[in-house]
1. Can you tell me the Rg and Dmax of segment 1-128, counting just the alpha carbons, in angstroms?
2. Within the set Lys50/Lys83; Lys173/Lys219; Lys98/Lys122, which residue pairs have Cα atoms separated by over 20 Å?
3. Show me the trypsin sites (Lys or Arg not before Pro) within segment 86-174 that DSSP assigns to loop and that have at most 11 other Cβ atoms within 10 Å of their Cβ.
4. Of Phe49, Val170, Trp25, which is farthest on the positive side of the dipole of the chain, counting Cα position, with +1 on Lys and Arg Cβ, -1 on Asp and Glu Cβ, and the Cα centre as origin?
5. Could you order Glu119, Glu113 so the one with the most accessible surface comes first? Probe is 1.4 Å.
6. How far is helix 41-53 tilted, in degrees, relative to the longest principal axis of the Cα atoms in the chain, given as a value from 0 to 90 rounded to the nearest 10?
7. Taking all pairs of distinct Cα atoms, average 1/r, flip it, and tell me the Kirkwood hydrodynamic radius of segment 49-113 in Å to one decimal place.
8. List the relative contact order of segment 165-218 as a percent without decimals, with contacts defined as Cα pairs under 8 Å and 6+ residues apart.
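The values are calculated or read from the model by the stated rules, or taken from the named source; none is laboratory data. As the structure is a computational prediction, the values presented were derived from the model and not from experiment. Ideal geometry is used to build each Cβ from the backbone, glycine not excepted, and the neighbour counts take in all protein chains shown. The accessibility values were calculated without ligands, DNA or RNA, using every heavy atom of the protein model including side chains. Shrake-Rupley method; radii C 1.70, N 1.55, O 1.52, S 1.80 Å.
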Amino acid sequence: TSPDEEGMGMGSHFASVGGSLYGLWINTKTGKRFTDEFGDRKTTTDAIFKVLDAGGKTISVTDSVGVASFSKVRPGAMDILRKNGAVKEYATLDDLAKAYGISPDALKQTFAEFNKAIESGKDTEFGRKLDKDIKPLMHAPYYVSEMSPKIHHTMGGIATDTSTRVLSVVDDKPIPGLYAAGECTGGIHGAVRIGANAVMDCLVNGKLAGETVMKDAKK
Ligand SMILES: Cc1cc2nc3c(=O)[nH]c(=O)nc-3n(C[C@H](O)[C@H](O)[C@H](O)COP(=O)(O)OP(=O)(O)OC[C@H]3O[C@@H](n4cnc5c(N)ncnc54)[C@H](O)[C@@H]3O)c2cc1C
């Protein structure tokens, strides 16, 4: 089978769409939400590590209605995720709580509070922007994936000037004939890259690098 058929790397699609756009994230130690599921990558990563460091697990959860919405956005993904075990199904919240050692009362309270937030359109706990298609989570079965951060993009790297000339670490001056663009460079995105902007970085700065090479060659 190909990596795609095995669902390699697919778990994050459930966590970042099914279990966030249409669901919520839970700290198994407390049974509570622990972050704005739509927070930026650094915010959510730090929040997940905090739970993991304290010995908890971070799980992403939605119900059958959330999974139906997820399946519209990622057709076929649920078949792969169920088959490879990245997403598990539970008939009730009690079953889910038992599987992860969560207090059932705490879990039910979290769902009740979050459902109120969905109905009012306002997440007062974490200020999450609620998707227009999210519905109160009350339609069993429930679906769960365990989450942990993975390396996705390197924020640091080679320093360049705004024309993509590589700067020397010795004197911060351009090294003649050396240019860099894309993920090998650092600082373009600050400490947190906004989703989808890496390809834009490559395209814009790659073109700019070509132009600068031509300009410098003429000198
Ligand atoms: C799972 C995943 C999903 C992503 N999704 C998105 C997205 O949706 N939108 C988005 O904007 N960005 C996304 N990104 C980030 C984006 O894909 C990368 O930042 C981007 O592709 C980097 O392109 P690049 O050309 O700078 O570097 P690379 O694509 O890493 O290219 C570097 C090349 O250099 C080659 N190389 C390395 N060392 C040497 C050597 N010594 N000699 C010769 N060749 C060498 C490598 O083999 C490679 O081909 C994603 C990244 C990952 C990992």
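1. 14.5, 46
2. Lys50/Lys83; Lys98/Lys122
3. Details: sites: Lys88, Lys98, Lys108, Lys116, Lys122, Arg128, Lys129, Lys132, Lys150, Arg165; in loops: Lys122, Arg128, Lys129, Lys132, Lys150.
Loop-located and lightly packed - Lys129, Lys132, Lys150.
4. Val170
5. In descending accessible area the options line up as Glu119, Glu113.
6. That works out to roughly 50 degrees.
7. With all distinct Cα pairs of segment 49-113 included, I get 13.4 Å.
8. Values: 39 pairs, mean separation 18.6, N = 54.
For segment 165-218, the relative contact order is 34 percent.
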